[in-house]
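Heads up: the structure comes next, in structure tokens.
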Amino acid sequence: MTQGSSMGVYRTAEVCPNGHVTTDSADAYPEHREKFCSKCGEATMTQCQNCATSIRGDYHVDGVFGFGGEYAPPAYCHNCGRAFPWTERKVDAATDLVEISGKLSSEELAQFRADLSEMTKESPRLLVASTRFKQTMAKVGSAVAGGVRDIVVDVLSEAAKKAIWG
């Protein structure tokens, strides 16, 4: 088990670089582990590739049955602050989709990437980034905007989701 308090502990999650969760309790239930993701075939991981800290999974408290909902992997490592591969890949894919639309200059595309990265965090720049994001989505059209939403919804901060989609 990974770090926790006297109240409970974080289990170790196993996730592929595309963000598919194979288990949120790899340490407690090794039989649920997959060497390769059954959804995309990529090798799974249980540690940050930068600092080797376990990926936080389910928060477990002995004797308490949880109703926490579906587990979503964190966007960033809690130990070193680096974005996990699934966060980077989703920002890259969304930026590629917007680029394919051909409606943004290279400067606007770079700003879009920076704004999208900012929106994966809880930060003071969130309102500025989400306002520009909405303007960009209007510029690229509903088909591209819908695709971008589908790609990034899992890695955006809760505040960003509220700022963009209410």
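The values are calculated or read from the model by the stated rules, or taken from the named source; none is laboratory data. Note that the structure is predicted; figures quoted are calculated from it, not measured. A quick note on method: Cβ atoms are made from the backbone with ideal geometry, for glycine too, and the neighbour counts reach across all protein chains shown. Keep in mind that these areas ignore ligands, DNA and RNA; they rest on the heavy atoms of the full protein, side chains included. Shrake-Rupley method; radii C 1.70, N 1.55, O 1.52, S 1.80 Å.
Within the range 41-58, restricting attention to residues that are more than 17 Å from Cys80 (Cα to Cα) and touching a Lys or Arg at 6+ places or on another chain (Cβ under 9 Å), the residue that is surrounded by the fewest Cβ atoms within 10 Å (Cβ to Cβ) is Ala43.
Among the residues of this structure, Val61 does not count as one that is touching a residue at least 24 places away in the same chain (Cβ under 8 Å), buried (at least 16 other Cβ atoms within 10 Å of the Cβ), among the hydrophobic types (A, V, I, L, M, F, W, C) and under 30 Å from Tyr29 (Cα atoms). Here is a check on your reading of the model: is Tyr76 open to solvent by 50 Å² or more (accessible area, probe 1.4 Å), within 18 Å of Asp27 (Cα to Cα) and of a type in the set (Phe, Trp, Tyr)? Here the answer is no, as Tyr76 does not meet what is asked.
Thr120 satisfies every condition listed in (1) more than 16 Å from the chain's Cα centre (by Cα); (2) crowded, with 19+ Cβ neighbours inside 10 Å; (3) in a loop (DSSP other than H, G, I, E, B) except (1). Pairing each residue of the range 97-118 that is under 14 Å from Val148 (Cα atoms) with any residue that is outside any helix (DSSP H, G or I), provided the two are 6+ apart or on different chains, yields C-beta distances under 8 Å for Val98/Leu104; Ser101/Gly141; Phe112/Leu104; Ser117/Ala83. Within the range 28-40, residues that are surrounded by 10 or more Cβ atoms within 10 Å (Cβ to Cβ) sit with their Cβ atoms under 7 Å from residues that are basic (Lys, Arg), at 6+ positions apart or across chains, in these pairs: Ala28/Arg11.
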